1. With a 1.4 Å probe and all protein chains left in place, how much accessible area per residue does the chain have, in Å²?
2. Report D for the chain in µm² per second (integer): Stokes-Einstein, Kirkwood Rh on Cα pairs, 25 °C, 0.890 mPa s.
3. So what's the angle, to the nearest 10 degrees on a 0 to 90 scale, between helix 49-64 and the longest Cα principal axis of the chain?
4. Just to confirm the number: angle between the C-alpha axis of helix 144-173 and the first principal axis of the chain, 0 to 90 degrees, nearest 10?
5. Note the full-extension length gain between residue 41 and residue 149 as 0.36 nm times their separation in residues minus their Cα-Cα distance, in nm to one decimal.
6. What are the trypsin sites (Lys or Arg not before Pro) within the stretch 40-146 that DSSP puts in a loop, where the Cβ has at most 12 other Cβ atoms within 10 Å?
7. Expressed as a whole percentage, what fraction of the accessible surface of the chain belongs to carbon and sulfur atoms when a 1.4 Å probe is rolled over the protein heavy atoms?
Amino acid sequence: AVIGGSSVLVGILVCVAYVALLIGLQKASGVRYDQITDSADTMRKGVAIPVAVCTTLLVAFLALTGRLSAALSYEPRATAAWLWVLPGLLALGIVLRLLRAPWRQVGARYVLWAFVGTALVGLSEELLVRGYLVDVVQADGRAPWMVALVTSVVFGVLHGALCSLTRVNDTAMG
(Lines give C-alpha, C1' and ligand atoms only; values in the text may rest on other atoms or scores of the structure.)
Protein backbone atom coordinates (compact mmCIF):
# COMPACT_ATOMS: atom_id res chain seq x y z
CA ALA A 1 0.00 0.00 0.00
CA VAL A 2 1.11 3.51 -0.74
CA ILE A 3 1.79 5.67 2.31
CA GLY A 4 -0.91 8.33 2.53
CA GLY A 5 -3.51 6.24 0.72
CA SER A 6 -6.03 7.80 -1.60
CA SER A 7 -8.27 9.41 0.99
CA VAL A 8 -9.27 13.01 0.35
CA LEU A 9 -9.09 13.68 4.08
CA VAL A 10 -5.49 12.42 4.22
CA GLY A 11 -4.65 14.65 1.25
CA ILE A 12 -6.10 17.67 3.00
CA LEU A 13 -4.26 16.80 6.21
CA VAL A 14 -0.97 16.59 4.30
CA CYS A 15 -1.62 20.10 2.96
CA VAL A 16 -2.44 21.38 6.46
CA ALA A 17 0.73 19.76 7.86
CA TYR A 18 2.82 21.39 5.13
CA VAL A 19 1.45 24.86 5.92
CA ALA A 20 1.79 24.32 9.69
CA LEU A 21 5.44 23.33 9.24
CA LEU A 22 6.07 26.32 6.97
CA ILE A 23 4.54 28.70 9.52
CA GLY A 24 6.59 27.09 12.30
CA LEU A 25 9.84 27.38 10.34
CA GLN A 26 9.09 30.95 9.34
CA LYS A 27 8.43 31.83 12.99
CA ALA A 28 11.60 30.02 14.08
CA SER A 29 13.58 32.13 11.61
CA GLY A 30 13.10 35.13 13.89
CA VAL A 31 11.91 37.27 10.99
CA ARG A 32 8.51 38.87 11.48
CA TYR A 33 6.10 38.17 8.62
CA ASP A 34 5.70 41.86 7.88
CA GLN A 35 9.49 42.20 7.57
CA ILE A 36 10.34 39.26 5.30
CA THR A 37 10.83 41.50 2.27
CA ASP A 38 12.91 44.17 4.07
CA SER A 39 16.35 42.92 3.01
CA ALA A 40 18.26 40.10 1.35
CA ASP A 41 18.91 38.52 4.76
CA THR A 42 15.25 38.60 5.78
CA MET A 43 14.26 37.13 2.39
CA ARG A 44 16.81 34.34 2.90
CA LYS A 45 15.93 33.60 6.54
CA GLY A 46 12.19 34.27 6.44
CA VAL A 47 11.27 32.91 3.01
CA ALA A 48 13.92 30.95 1.11
CA ILE A 49 15.17 28.70 3.93
CA PRO A 50 11.76 27.76 5.40
CA VAL A 51 10.31 27.09 1.94
CA ALA A 52 13.41 25.14 0.87
CA VAL A 53 13.10 22.88 3.94
CA CYS A 54 9.37 22.33 3.32
CA THR A 55 9.90 21.71 -0.40
CA THR A 56 12.65 19.17 0.34
CA LEU A 57 10.41 17.35 2.83
CA LEU A 58 7.51 17.45 0.37
CA VAL A 59 9.65 15.92 -2.39
CA ALA A 60 10.82 13.22 0.06
CA PHE A 61 7.20 12.52 1.07
CA LEU A 62 6.11 12.25 -2.55
CA ALA A 63 9.04 9.92 -3.31
CA LEU A 64 8.27 7.72 -0.30
CA THR A 65 4.58 7.51 -1.25
CA GLY A 66 5.38 6.67 -4.87
CA ARG A 67 3.73 9.87 -6.10
CA LEU A 68 6.76 11.93 -7.13
CA SER A 69 6.80 10.79 -10.75
CA ALA A 70 3.09 11.57 -11.16
CA ALA A 71 3.50 14.92 -9.38
CA LEU A 72 6.24 15.94 -11.79
CA SER A 73 4.44 14.80 -14.94
CA TYR A 74 1.11 16.58 -14.71
CA GLU A 75 -0.43 17.07 -18.13
CA PRO A 76 -3.15 19.70 -18.44
CA ARG A 77 -6.26 18.50 -20.21
CA ALA A 78 -7.24 21.85 -21.71
CA THR A 79 -5.14 22.93 -24.65
CA ALA A 80 -7.17 25.78 -26.16
CA ALA A 81 -4.94 28.67 -27.21
CA TRP A 82 -7.23 31.28 -25.60
CA LEU A 83 -6.38 29.85 -22.19
CA TRP A 84 -2.94 31.46 -22.55
CA VAL A 85 -4.39 34.99 -22.76
CA LEU A 86 -4.60 35.59 -19.00
CA PRO A 87 -1.16 34.12 -18.17
CA GLY A 88 0.25 36.12 -21.09
CA LEU A 89 -1.24 39.36 -19.77
CA LEU A 90 0.05 38.60 -16.28
CA ALA A 91 3.53 37.90 -17.67
CA LEU A 92 3.44 41.16 -19.63
CA GLY A 93 2.50 43.07 -16.47
CA ILE A 94 5.35 41.44 -14.58
CA VAL A 95 7.87 42.27 -17.31
CA LEU A 96 6.70 45.89 -17.46
CA ARG A 97 6.96 46.16 -13.67
CA LEU A 98 10.45 44.64 -13.73
CA LEU A 99 11.56 47.14 -16.35
CA ARG A 100 10.58 49.98 -14.01
CA ALA A 101 12.15 48.45 -10.88
CA PRO A 102 14.90 50.43 -9.10
CA TRP A 103 17.51 47.70 -9.61
CA ARG A 104 20.45 49.71 -8.30
CA GLN A 105 18.69 50.31 -4.99
CA VAL A 106 17.59 46.69 -4.53
CA GLY A 107 20.87 44.83 -4.98
CA ALA A 108 21.79 41.50 -6.52
CA ARG A 109 21.59 39.50 -3.25
CA TYR A 110 18.03 40.66 -2.66
CA VAL A 111 17.00 39.73 -6.21
CA LEU A 112 18.69 36.33 -5.83
CA TRP A 113 16.91 35.45 -2.56
CA ALA A 114 13.59 36.83 -3.79
CA PHE A 115 13.90 34.68 -6.93
CA VAL A 116 14.93 31.56 -5.00
CA GLY A 117 12.15 32.02 -2.45
CA THR A 118 9.38 32.69 -4.97
CA ALA A 119 10.54 29.90 -7.29
CA LEU A 120 10.47 27.44 -4.40
CA VAL A 121 7.03 28.67 -3.29
CA GLY A 122 5.69 28.07 -6.80
CA LEU A 123 7.34 24.65 -7.04
CA SER A 124 6.07 23.48 -3.67
CA GLU A 125 2.53 24.78 -4.30
CA GLU A 126 2.39 22.97 -7.63
CA LEU A 127 3.75 19.74 -6.14
CA LEU A 128 1.48 19.91 -3.10
CA VAL A 129 -1.81 20.92 -4.70
CA ARG A 130 -1.62 19.99 -8.36
CA GLY A 131 0.86 17.16 -8.02
CA TYR A 132 -0.45 15.55 -4.83
CA LEU A 133 -3.91 16.75 -3.81
CA VAL A 134 -5.42 16.68 -7.31
CA ASP A 135 -4.09 13.14 -7.74
CA VAL A 136 -5.50 12.03 -4.38
CA VAL A 137 -8.94 13.53 -5.05
CA GLN A 138 -9.06 12.05 -8.56
CA ALA A 139 -7.97 8.63 -7.28
CA ASP A 140 -10.86 8.76 -4.83
CA GLY A 141 -13.16 8.68 -7.87
CA ARG A 142 -14.40 12.26 -7.70
CA ALA A 143 -15.93 14.00 -10.72
CA PRO A 144 -13.71 16.63 -12.43
CA TRP A 145 -15.82 19.50 -11.08
CA MET A 146 -15.44 18.10 -7.55
CA VAL A 147 -11.67 17.77 -8.01
CA ALA A 148 -11.53 21.42 -9.08
CA LEU A 149 -13.77 22.54 -6.22
CA VAL A 150 -11.99 20.61 -3.46
CA THR A 151 -8.48 21.54 -4.55
CA SER A 152 -9.40 25.20 -5.14
CA VAL A 153 -11.05 25.52 -1.74
CA VAL A 154 -8.12 23.82 0.02
CA PHE A 155 -5.63 26.02 -1.86
CA GLY A 156 -7.53 29.17 -0.91
CA VAL A 157 -8.07 28.17 2.71
CA LEU A 158 -4.41 27.26 3.17
CA HIS A 159 -3.32 30.62 1.78
CA GLY A 160 -5.79 32.39 4.01
CA ALA A 161 -4.61 30.41 7.02
CA LEU A 162 -0.98 31.15 6.23
CA CYS A 163 -1.62 34.89 5.98
CA SER A 164 -3.96 35.03 9.00
CA LEU A 165 -1.84 32.95 11.36
CA THR A 166 1.39 34.72 10.56
CA ARG A 167 -0.22 38.14 11.02
CA VAL A 168 -1.93 37.10 14.27
CA ASN A 169 1.32 35.67 15.62
CA ASP A 170 3.29 38.77 14.58
CA THR A 171 0.76 40.98 16.33
CA ALA A 172 0.91 38.85 19.48
CA MET A 173 4.72 38.80 19.41
CA GLY A 174 4.90 42.39 19.19
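1. Working: 10830 Å² over 174 residues.
Per residue, the chain has an accessible area of 62 Å².
2. On the way: Rh = 17.9 Å.
Using the Kirkwood radius from Cα pairs, D works out to 137 µm²/s.
3. Long axis of 49-64 versus the principal axis of the chain: about 20 degrees.
4. 30
5. On the way: separation 108, 0.36 × 108 = 38.88 nm, distance 3.80 nm.
Full extension from residue 41 to residue 149 adds 35.1 nm.
6. Working: sites: 44, 45, 67, 77, 97, 100, 104, 109, 130, 142; in loops: 67, 77, 100, 142.
Those that pass, being in a loop and sparsely packed, are 77, 100.
7. Values: 7490 of 10830 Å².
Carbon and sulfur together cover 69 percent of it.
The values are calculated or read from the model by the stated rules, or taken from the named source; none is laboratory data. As the structure is a computational prediction, the values presented were derived from the model and not from experiment. Note: ideal-geometry Cβ built from the backbone for every residue, glycine included; neighbour counts use all protein chains shown. Just the protein is used for accessible areas: all its heavy atoms, side chains included, with ligands, DNA and RNA removed. Shrake-Rupley method; radii C 1.70, N 1.55, O 1.52, S 1.80 Å.
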